[in-house]
1. Give the lysines whose C-alpha is closer than 18 Å to that of Lys68, dropping any in the same chain fewer than 8 places away, or say none.
2. Pulled fully out, how much extra length does the chain show between Met1 and Lys109, if you take 0.36 nm times their separation in residues and subtract their Cα-Cα distance?
3. Step through the residues of the range 97-103 one at a time and calculate ³J(HN,Hα) from phi using the Karplus curve (6.51 cos²θ - 1.76 cosθ + 1.60, θ = phi - 60°), rounding each to whole Hz and writing x for Gly and Pro.
4. Can you work out the Karplus-derived ³J(HN,Hα) for every residue in the range 38-53? Use 6.51 cos²θ - 1.76 cosθ + 1.60 with θ = phi - 60°, whole Hz, and x for glycine or proline.
5. Just order 23-35, 107-119, 4-16 by mean Cβ neighbour count inside 10 Å, highest at the front, would you?
6. Please compute the contact order of the range 11-121 in relative form: average sequence separation of alpha-carbon pairs under 8 Å and at least six residues apart, divided by the residue count, as a percent.
7. Quick query: amide H of Phe31 versus all other amide H atoms, modeled in the peptide plane; which residues come in under 5 Å with a sequence gap of 5 or more or a different chain?
8. For Phe111, which sequence-distant residues (separation of 5 or more, or a different chain) have an amide H within less than 5 Å of its own amide H, given hydrogens modelled in the peptide plane?
Amino acid sequence: MANIFLDANIIFDILIRNKKKATMLFGHIPFISPLSYHILYYSQNIKVPHKTTIDPLKKMGIVNFTKKILEQALVSPTNDLEDNIQLHSASKANCGFFLTDDKKLLKMKSFGKMKIVDKIT
């Protein structure tokens with residue numbers, strides 16, 4: 001069992017595009033940033049309340065978006081603020097894996113002690 005951080009694109013898959021992707025999380029503890037939900041609701045024009053997106057939160061850890069995370073994200077490790085916020089949030093939650101479909105992040109292979117992967121086996 002591992003702590004796994006879900007990038008925003010994975011949240012989209014699990015909740016909207018490819019719900020079967022959630023099966024790879026069985027036996028693990030998923031974490032997300034509140035920023036992911038903001039991105040999801042904004043990009044998909046979802047109105048609140050929306051039960052389909054509320055219930056999964058009961059099974060996920062939410063990493064508080066703090067000033068420290070923002071300060072770290074403003075300087076590293078990529079030139080994309082949203083990616084940096086996600087990576088630093090995952091690090092804050094002591095996640096062993098960062099699950100994403102983002103090819104740029106996958107090329108990094110790791111961030112600190114955390115592995116950046118596109119699937120959990």
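The values are calculated or read from the model by the stated rules, or taken from the named source; none is laboratory data. What you see is a predicted model; the values in this text were computed from it and never measured. Here the Cβ positions follow ideal geometry from the backbone for every residue, glycine too, while neighbour counts run over all protein chains shown. Just so you know, the surface numbers come from the protein's heavy atoms only, side chains and all, with ligands and any DNA or RNA stripped out. Shrake-Rupley method; radii C 1.70, N 1.55, O 1.52, S 1.80 Å.
1. Those lysines meeting the cut-off are Lys92.
2. Taking Met1 through Lys109 to full extension adds about 36.9 nm, to one decimal.
3. Running phi through 6.51 cos²θ - 1.76 cosθ + 1.60 with θ = phi - 60° gives 9, 10, 8, 8, 10, 6, 4 Hz.
4. Couplings: 4, 4, 4, 5, 5, 5, 9, 6, 7, 9, 9, x, 9, 4, 4, 9 Hz.
5. 4-16, 23-35, 107-119
6. Once normalised by length, the contact order is 22 percent.
7. Under 5 Å from the amide H of Phe31: Ile4, Phe5, Leu6, Gly61.
8. Long-range HN contacts for Phe111: Ile116.
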